Structure formats: C-alpha cells, structure tokens
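The values are calculated or read from the model by the stated rules, or taken from the named source; none is laboratory data. Since we're looking at a predicted model, the values are computed, not measured. Using ideal geometry, Cβ is built from the backbone for each residue, glycine included, and neighbour counts are taken over all protein chains shown.
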C-alpha cells in the first residue's frame, strides 16, 4: 500500500469480488441463481459501491435486512428483485411498495395489511414466505398448522408469492445432520403447501456455509453472504482450500515515534509497563473507527513489513505499538491493520467472535476506497 494522504482508509478490491462470484457460480448446478446478501451495508463493504460489480457479474437477486438498505440499492440503480430478510413496522409497509421491495412474510396479519395497502396503490406486491425449521427466529412453523394460513395469504389478490425460504442454524458443521434435518423439514412442508394449491416459484435455503459444504441444498437459489466477501464461514482448516479471497484491507499511518525508558506506563490505566527501553509508535485509529478495544495488549499491526505488537489500551481515536525491533520507523509510514495476511479471520479468532462482527464494525468514519 502506497503512503496515505488521509488518516485511515479501508480498501475494497472489486477484482477479488469478481473472483469470489465466479468461484461461487462454479459450484452451482445449472439454473441455480445467486442472491447476494448486502445487509449491514454489504457487510461493511458498501452496498451501493459494490453493486455495479455484482451486476456486471450477472448476479440475479439481492437481499437486505432493513428497508432502508433496499431503498439505497434502488438509488444505486438496482432493478433486480430485492428481498427484505427482516421485519418492517406496519406504518412503513408503504416503503415496500415505493421501492419495490419483497418482504419476508411470517404472519397473516402483516399479509392482510400489506394486501390492503397494495390494493389501495393498485399494485400486486411480491412477497416471500419464511418457514422456521429450527433457527427459532422468525417464520411460520414447519408443520401442518401453517398450510391454511399460507393458503389464505396466497388467495389475497394483491399479493404474489415469489418465493419461500428457511435459514440454517448449523450448516457449518461437518456431519451435516442438523442442516439435513432442516432441509427435510422445509422440503416436506413446501411439498404440502404446493399440493394445497400454492405455487412457490423460488425455494432458497443455502447460506454461505451450505454453498461450500451442502450442494444438495442449492434448490432454486443460494444466498451468498460471507463467501461473497471472502469471509470464512466454515472450519478454518478447510477454508484455505476454497480459494475465496478477502476483499477488504484496512490501513492507517504512524503519527509519532518516541523512545521511553524501562518502567514507563503506556496508555490509560497503565495496563502496559515497558520492560526495556522501548520505541513506541502512535497510530491514529481507535474504537470509534471500529478497531476493537479488546485488541488492547494483544493485537498487532504491520509496519515496514514487520509485526508491531499493540501495547496499552486502545483509545477512542489512537493506540500505541512497540516498534523497537523495526528499523527506521518514521512519521507517515503506512500501517496495515487488516489485509489477507493480517486477516479478518485472524482478528475474529483473537477476539473470540465471528468474521462478520469485524467487518460490520468498521465505522462510517473510515473512508472506503474501491479498486
């Protein structure tokens, strides 16, 4: 990375995004569509900015969590189907019609209200039916009690069921027993629903780990989240063989270098005390940027090609590293916070969390650059 001309920047590599889409598509059976999951502002990568690349790659469908994300995609020029995976307040149902978004329906009450609103606006509103097969989140029960309710929704003249789906809770497990149980439940109830006269044009259940490990779950479409961004959703030992590339890197620079004697306290609370004469570099990023405070005294960065350990507590806007073993560190030198070597997966493991929390946590005050 060349020298920065701003405090910090996250770089999103669109060529690697294309690579990942091609990798995903190579795994799919003929006719299976990719639904790109862009919730959380594209997992922190910027949904509006990566959309043109996804469109160029021929991605057919999109999914978001909240209606505002769907509206943002429409502003970016998206004309493909956009599924709203989460809930929406009743008094915001008009936003679905305004932005042509496909809501997830899991109650007859919401369906009735939406049908009345669609009729008032003279439109036929697309919807997806959610089935709960074991996540215990939102969705109709995967049993016979749901069939008459879904049949009634199907008869609402201003609603059109364009798909149905469920979500795996444990698709990353190697034995696949949990995912198989959920898939069987889903297919069984969908079969009963269709035999009751309800046509389901698009069935989708495969999330990122299922795309990699469970080809039998592809059905009509797959929902690509983590794998789109090169984020590991499976056992780390297997991940290296998948040839999916992390598309985001994060950089900043050295603000100041100073030498302190042995026994010097570093940072808030004096949680680190130097055990030798130490050369300290100050870095102008902190937890307000999404650089976790839990990295205090345990994380590391790269400066001049070498690792520099974090010493002391991460502050809101700054932190310190030990550069005693790195020659000729100067103000303005580029500092790597994340890249393919100092990876999102490495940081997630260090913080005992998942990869999604890391990338979604990089705050809006960190500019994204696309190349």
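I'd like the full set of residues that are out of contact with any strand residue (DSSP E or B) (no Cβ under 7 Å at 6 or more places or on another chain) and surrounded by fewer than 23 Cβ atoms within 10 Å (Cβ to Cβ), limited to segment 44-65. Hits for segment 44-65 are 48, 51, 52, 53, 55, 56, 57, 58, 65. Could you list, in sequence order, the residues of segment 244-263 that are without any contact (Cβ under 8 Å) to a residue 60 or more places away in the chain and assigned to a loop (DSSP other than H, G, I, E, B)? Listed by number, the residues that qualify are 261, 262, 263.
The single condition among (1) on the phi > 0 side of the Ramachandran plot; (2) assigned to a strand (DSSP E or B) that residue 35 does not satisfy is (1). Only one of 220, 226 is touching a helix residue (DSSP H, G or I) at 6+ places or on another chain (Cβ under 8 Å), touching a residue at least 24 places away in the same chain (Cβ under 8 Å) and in the same structural domain as residue 115 (by TED's automatic domain parsing). Can you tell me which? Within the list 220, 226, the selection yields 226.
Got a number for residues in segment 113-142 being surrounded by fewer than 19 Cβ atoms within 10 Å (Cβ to Cβ), out of contact with any helix residue (DSSP H, G or I) (no Cβ under 7 Å at 6 or more places or on another chain) and within 22 Å of residue 64 (Cβ to Cβ)? Residues that pass the stated criteria total 3. Tallying residues that are over 23 Å from residue 136 (Cα atoms) and assigned to a strand (DSSP E or B) within segment 148-161 yields 2.
So, of the residues in segment 341-353 that are in contact with a strand residue (DSSP E or B) (Cβ under 8 Å, 6 or more places away or on another chain) and either outside the structural domain of residue 266 (by TED's automatic domain parsing) or crowded, with 16+ Cβ neighbours inside 10 Å (or both), which turns out to be farthest from residue 272 (Cα to Cα)? Here the residue is 344. Would you mind stating whether residue 92 is free of Cβ contacts under 8 Å to residues at least 60 places away in the same chain and over 26 Å from residue 203 (Cβ atoms)? Taking the combined requirement at face value, the residue satisfies it.
Filtering segment 282-296 to residues that are closer than 20 Å to residue 329 by Cβ and either surrounded by fewer than 17 Cβ atoms within 10 Å (Cβ to Cβ) or more than 21 Å from the chain's Cα centre (by Cα) (or both) leaves 282, 283, 284, 285, 286, 295. For segment 158-195, a residue qualifies if it is closer than 15 Å to residue 108 by Cβ and surrounded by fewer than 19 Cβ atoms within 10 Å (Cβ to Cβ), and exactly one does: 158. Within segment 322-349, no residue satisfies the criterion of being in a strand (DSSP E or B) and at positive phi.
Residues in segment 350-371 that are touching a residue at least 60 places away in the same chain (Cβ under 8 Å), under 17 Å from residue 40 (Cβ atoms) and assigned to a loop (DSSP other than H, G, I, E, B): 361, 362, 363, 365, 366.
Among the residues of segment 1-42, those that are within 27 Å of residue 253 (Cβ to Cβ) and out of contact with any strand residue (DSSP E or B) (no Cβ under 8 Å at 6 or more places or on another chain) comprise 5, 6, 15, 16, 17, 41, 42.
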